[in-house]
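A.B. asks: My structure is below; once you've seen it, I'll send some questions.
The values are calculated or read from the model by the stated rules, or taken from the named source; none is laboratory data. A quick note: this is a predicted structure, and the numbers were derived from the prediction, not measured. Every residue, glycine as well, gets a Cβ built from its backbone with ideal geometry; the counts of neighbours run over all protein chains shown. Note: accessible area is taken over every heavy atom of the protein model, side chains too, but ligands, DNA and RNA are not part of it. Shrake-Rupley method; radii C 1.70, N 1.55, O 1.52, S 1.80 Å.
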Amino acid sequence: MKKHILNSLVLVSALASCAAANAATDINNTSALVFNNNTTPIGATYGLSDAGKSFTENFTFSTPGMFGFTGAIISITLGTLAGVSLSAFTLTGNGVTSTGTLTSSAGLQTWTLIAPNLSLGNYTLAAVGNVSGTGGGSFGGNVNIAAVPEASTTAMMMGGLALVGFFAARRRRSANGKAGTPGNLMAA
């Protein structure tokens, strides 16, 4: 019960900090992610009326256990007509804050974010920036989550592999003994 209360407090504080950060932005959207085979697309499109505005797009999701997270978003600027300038790509929740890495060149922005060990809980992925194109712009990407095996599961797997190896070696020694090797002959 205490763990659920603590998780709820962390989520409320994360949402409050997002709300404070979003107070200065013109466009604030939040959408829940639905994963299909542990992956889902993300993105946003802005029109002519959004030119020059700042935005924060929040994508929320929950993990049912230990998970690893990877995500990437891309924005392409087409002269002054269409473009989005991304300034941040972050993941927050359950005491975790991960910041994406930007790679940029000649009108192309790519943000990547990796968070290898997310625990059970609620998370918010945020893309922050401004609409730089006079006719609007867009960004898009994809996020993936993958189960991370617990330590006990890994230990059981390693123990099982050791047992298989032990029995295979024993069987090999036994087969060699039946072939009549001198070291395995017994006196009658």
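A.B. asks: Return the pair list, or none, for Cβ contacts closer than 6 Å from residues in segment 97-121 that are under 13 Å from Phe69 (Cβ atoms) to residues that are part of a strand (DSSP E or B) and of a type in the set (Phe, Trp, Tyr), at least 6 apart or on different chains.
C.D. replies: As it stands, the answer is Gly100/Phe89; Gly100/Trp111; Leu113/Phe89; Ala115/Phe69; Leu118/Phe67; Leu118/Phe69, since those pairs meet every condition given.
Residues checked against (1) open to solvent by 70 Å² or more (accessible area, probe 1.4 Å); (2) on the phi > 0 side of the Ramachandran plot; (3) at pLDDT 60 or above:
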{"site": "Ala146", "(1), (2), (3)": "no, no, yes"}
{"site": "Ala155", "(1), (2), (3)": "no, no, yes"}
{"site": "Leu163", "(1), (2), (3)": "yes, no, yes"}
{"site": "Phe167", "(1), (2), (3)": "yes, no, yes"}
{"site": "Ser174", "(1), (2), (3)": "no, no, yes"}
{"site": "Gly180", "(1), (2), (3)": "no, yes, no"}
{"site": "Ala188", "(1), (2), (3)": "yes, no, no"}
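A.B. asks: A follow-up question, please. For segment 72-104, give me the residue count where each residue is open to solvent by less than 70 Å² (accessible area, probe 1.4 Å) and out of contact with any strand residue (DSSP E or B) (no Cβ under 8 Å at 6 or more places or on another chain).
C.D. replies: Going through segment 72-104 one residue at a time, the tally reaches 1.
A.B. asks: Has segment 110-128 got at least one residue that is open to solvent by 50 Å² or more (accessible area, probe 1.4 Å), touching an Asp or Glu at 6+ places or on another chain (Cβ under 9 Å) and either outside any strand (DSSP E or B) or within 19 Å of Thr45 (Cα to Cα) (or both)?
C.D. replies: no
A.B. asks: Of the residues that sit in segment 46-71 and are open to solvent by less than 10 Å² (accessible area, probe 1.4 Å) and hydroxyl-bearing (Ser, Thr, Tyr), which one is modelled with the highest pLDDT?
C.D. replies: Thr56
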